[in-house]
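The values are calculated or read from the model by the stated rules, or taken from the named source; none is laboratory data. Nothing here was measured: the structure is a model prediction, and the numbers come from that model. Cβ coordinates were reconstructed from backbone atoms using ideal geometry, including for glycine residues, and neighbour counts include every protein chain displayed. Just so you know, the surface numbers come from the protein's heavy atoms only, side chains and all, with ligands and any DNA or RNA stripped out. Shrake-Rupley method; radii C 1.70, N 1.55, O 1.52, S 1.80 Å.
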Amino acid sequence: LTAILTGMRRGEILGLTWDKVNWVTKKIYVKQSLYKGKIITPKTKTSIRKIDMADELVRVLREWKLRCPITKEDFVFPSPEGSIPDPDNFIKRRFDPVIRKAGIDKIRFHDLRHTYASVLIAKNVPIKYIMNQMGHSSSQVTLDRYGHLMPEVHEKGVEALNSLFPEDKSIKCLAASL
C-alpha cells in the first residue's frame, strides 16, 4: 500500500524510519534509502523529497506502527527479526505471497511505482506534482517515462485545433480572408 500510494522506490521504503513519517503534516520525508544492506543518501538531490500521504495510508501506517517490531534503527518495515530488511527476502517472503493471495499475475515491486504514476495521470494531476512526488529531476523525465499513459492529451490537442475552424467555415474561407 505504501508503494502504491507514494510511488516510493523499494530501497526508499525499506530504508524508511518512523522519524521520517510526519502524522501532523501527512508527509513522508525521503532522506535515505536501503542499498546493498546499507542505509545511504539518495543518489540525486531530487530523490530527497517530501511525499504527501493519502488519509488511508496514514490510517494503515498508524495501525502498523502499533504492531511493527521495535528495532534499534526504528525501521517502518524491518525484517521479521527486527533488523535491516533484506530486499530479496522481502520480495520472496512478503511481497510475492501477498500478490499470489490477491490473485494478481506476477508483477515486479517496481511496477507499484508505475501504478502510482498511472493513477495520478489518469486523474489529471499536474505533471509537476507527479514529478516532485516521485523524485524525478524534471517534468521531462516524468513525461518521457509516463507520457504514453496520456492518450487524452492527444485528443484534447486535436479538439483545440478543430475549435479554430468552426464547422460552417472551411479552411479555404479562412485562408482567403488572410
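Would you confirm whether or not region 119-127 contains a residue that is over 21 Å from T44 (Cα atoms), open to solvent by 50 Å² or more (accessible area, probe 1.4 Å) and of a type in the set (G, A, S)? The answer is yes, given that some residue of region 119-127 is over 21 Å from T44 (Cα atoms), open to solvent by 50 Å² or more (accessible area, probe 1.4 Å) and of a type in the set (G, A, S).
Need the failing condition index for L143 against (1) within 12 Å of the chain's Cα centre (by Cα); (2) over 28 Å from K38 (Cα atoms), just the number. With respect to (1) within 12 Å of the chain's Cα centre (by Cα); (2) over 28 Å from K38 (Cα atoms), L143 is out only on (1).
Would you check if K65 is loosely packed, with under 15 Cβ neighbours inside 10 Å and either at pLDDT 95 or above or in contact with a helix residue (DSSP H, G or I) (Cβ under 7 Å, 6 or more places away or on another chain) (or both)?
On the way: loosely packed, with under 15 Cβ neighbours inside 10 Å: yes; either at pLDDT 95 or above or in contact with a helix residue (DSSP H, G or I) (Cβ under 7 Å, 6 or more places away or on another chain) (or both): yes.
Yes.
Residues in region 91-120 that are in a loop (DSSP other than H, G, I, E, B), farther than 19 Å from M134 by Cβ and modelled with pLDDT of 90 or more: A102, G103, I104.
Looking only at region 56-90, how many residues end up being closer than 13 Å to V21 by Cα and either among the basic types (K, R) or outside any loop (DSSP other than H, G, I, E, B) (or both)? Count: 9. Among the residues of region 22-32, some residue qualifies, meaning at least one is open to solvent by less than 20 Å² (accessible area, probe 1.4 Å), free of Cβ contacts under 8 Å to residues at least 40 places away in the same chain and touching a strand residue (DSSP E or B) at 6+ places or on another chain (Cβ under 6 Å). Would you confirm, using the coordinates I've provided, whether T46 is at pLDDT below 95 and within 22 Å of V119 (Cβ to Cβ)? Criteria met by T46.
Results for (1) over 16 Å from the mean Cα position of the chain (by Cα); (2) without any contact (Cβ under 8 Å) to a residue 40 or more places away in the chain, shown as yes or no for each residue.
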| position | (1), (2) |
| --- | --- |
| P80 | yes, yes |
| I84 | yes, no |
| N89 | yes, yes |
| F95 | yes, yes |
| D105 | yes, yes |
| I121 | no, yes |
| V125 | no, yes |
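The selection criterion, being over 16 Å from the mean Cα position of the chain (by Cα) and either open to solvent by less than 60 Å² (accessible area, probe 1.4 Å) or of a type in the set (S, T, Y) (or both), does not hold for S47.
The set of residues from region 36-55 being in a helix (DSSP H, G or I) and among the polar types (S, T, N, Q) comprises T46, S47.
Does region 129-142 contain any residue that is open to solvent by 70 Å² or more (accessible area, probe 1.4 Å) and at pLDDT below 85? So far as region 129-142 goes, no, none of its residues is open to solvent by 70 Å² or more (accessible area, probe 1.4 Å) and at pLDDT below 85. Residues in region 3-17 include none that are more than 15 Å from the chain's Cα centre (by Cα), in a helix (DSSP H, G or I) and not aliphatic (A, V, I, L, M). You will find that of S163, S177, S170, the residue that is modelled with pLDDT under 75, open to solvent by less than 60 Å² (accessible area, probe 1.4 Å) and more than 30 Å from P42 (Cα to Cα) is S170 and no other.
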